[in-house]
Amino acid sequence: MKVLEAPFVKGFIRVADDGWLQGWHERNGGNLSYRMRPEEVESVREELVPRKWEPIGTEVPLLGGEYFLVTGSGRYMRNAVIDPEDTFCIIELDPAGAHYRILWGLSKGGRPTSELPTHLMNHEVKVRVTGGKHRVIYHAHPANIVALTYVLPLTDEVFTRELWEMETECPIVFPDGIGVVPWMVPGGREIAVETSKLMEKYDVALWAHHGLFCSGDTFDQTFGLMHTVEKAAEILVKVLSMAPKKRQTIEPEGFREVAKAFHVTVPERFLYEKED
Ligand code: 13P
Ligand code: ZN
């Protein structure tokens, strides 16, 4: 099968285009990666031609020998539909998980996203904690959640609780909460280490004054998670713009009832009492 005919590639392109249409990917902002199944690698093997091995910039030994679909550095999500061959690539990792080589794509040259260390370190954590269920890591720059990093305290507890209060569905969609990384220089191993620590317990990691990383098992679920968090952030921005204080909201007991009704566990540390 041709790479561009493969269902997982079509799913990847759809996320890139949907994210662009949401306004989350100005210029080359954001990046996307997908850990391929062995049968998906075999299905497109005819088109895979190895290029040079390059250092990843970190080590992901658990992912040695795995194949990924990943967007290119400096490439635009808005071009994923019209120029997929030059927007993303398929890479293979060496057995040690220290080097990658491109096998398809980035037809005009270049390299995978500058956030490859964060993507791969997140994948490695998720392979371990989900038993391989999660396959998608998605980074975007949605405006409302980024805006909130200028006005709310940068703690997991406050961001989780404030977002949960904005939509009854939130504690069902991300019951583990969201983690916050303070502002750091992007594109390297240091921010990758901090983000992947949060991915041990969360599926959402927020980079202050930058953007969001989401992890999930399918493209639908991962895109839906990004969409839900940003929608809640949009409502919170509107609420804060209308009044400095909420007149009423969902109370801790309400979250406990939702958790019971929908069979999810919500950690008590997010249900702290607030001062008036
Ligand atoms: P890349 O173009 O290298 O993927 O970088 C975009 C980005 O969002 C960096 O955080
Ligand atoms: Zn970014």
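The values are calculated or read from the model by the stated rules, or taken from the named source; none is laboratory data. These numbers were taken from a predicted model, which means no experiment stands behind them. Using ideal geometry, Cβ is built from the backbone for each residue, glycine included, and neighbour counts are taken over all protein chains shown. Please note that ligands, DNA and RNA were not included when accessible areas were found on the heavy atoms of the full protein model with its side chains. Shrake-Rupley method; radii C 1.70, N 1.55, O 1.52, S 1.80 Å.
Based on the mean of other beta carbon atoms within 10 Å per residue, what is the order of 18-26, 228-236, most packed first?
My ranking of the peptides, most packed first, is 228-236, 18-26.
Within 10 Å, count the other beta carbons around each residue, average over each peptide in 100-113, 133-146, and list them highest first.
Peptide ranking by packing, descending: 133-146, 100-113.
Which number gives the lysine pairs in the range 117-276 that have C-alpha atoms under 23 Å apart and are eight or more places apart or on different chains?
Eligible lysine pairs with Cα atoms under 23 Å apart amount to 13.
Using the Kirkwood formula over every pair of different C-alpha atoms, what hydrodynamic radius in Å results for the chain?
19.3 Å
Arrange the peptides 253-259, 10-16 so that the one whose residues have, on average, the most other Cβ atoms within 10 Å appears first.
Per-residue Cβ counts within 10 Å, averaged per peptide and sorted highest first, yield 10-16, 253-259.
Over the chain, with the other protein chains present, what is the accessible area per residue in square angstrom, probe 1.4 angstrom?
Per residue, the chain has an accessible area of 46 Å².
Quick check: net charge around S107, other residues with Cβ under 15 Å of its Cβ, Lys/Arg +1 and Asp/Glu -1?
Residues close to S107 contribute a combined charge of +1.
Carbon and sulfur atoms: what percent of the 1.4 Å accessible area of the chain do they account for?
With neighbouring chains kept in place, the figure for the chain is 54 percent.
In degrees from 0 to 90, rounded to the nearest 10, what is the angle of the helix 252-261 Cα long axis to the longest principal axis of the chain?
50 degrees
Using amide H atoms built in the peptide plane, which far-off residues or other-chain residues are under 5 Å from T149 H to H?
H209
Would you mind checking which residues have amide H under 5 Å from D203's amide H? H placed 1.01 Å from N; only 5 or more apart, or other chain.
The list, which skips near neighbours in sequence, is empty: none.
What does the net charge come to around D94 if you take all other residues with beta carbon closer than 11 Å to its beta carbon, with K and R at +1 and D and E at -1?
Neighbour charge sum, excluding D94 itself: -3.
Each label point is 7 Å from the Cα along the Cα-to-Cβ direction; what then is the distance between the points at S241 and R269, in nm?
3.3 nm
What do you get for the angle between helix 116-130 and the principal long axis of the chain? Use alpha-carbon atoms, 0 to 90 degrees, nearest ten.
Helix 116-130 and the main axis of the chain meet at about 70 degrees.
What does the convex hull of the alpha-carbon atoms of the range 231-271 project to on average, in nm²?
Hull-based average projected area comes out at 3.7 nm².
For I178, list long-range residues whose amide hydrogen, built 1.01 Å from N in the peptide plane, is under 5 Å from its own amide hydrogen.
When sequence neighbours closer than 5 places are left aside, the close amide H contacts are T160.
Measuring from the lowest to the highest alpha carbon on each principal axis, how far does the range 1-119 reach, largest first, in angstroms?
38, 31, 24
Calculate the dipole size of the chain relative to its Cα centre from +1 charges on Lys and Arg beta carbons and -1 charges on Asp and Glu beta carbons; express the result in debye to the nearest 20.
Charge dipole of the chain: 400 debye, to the nearest 20.
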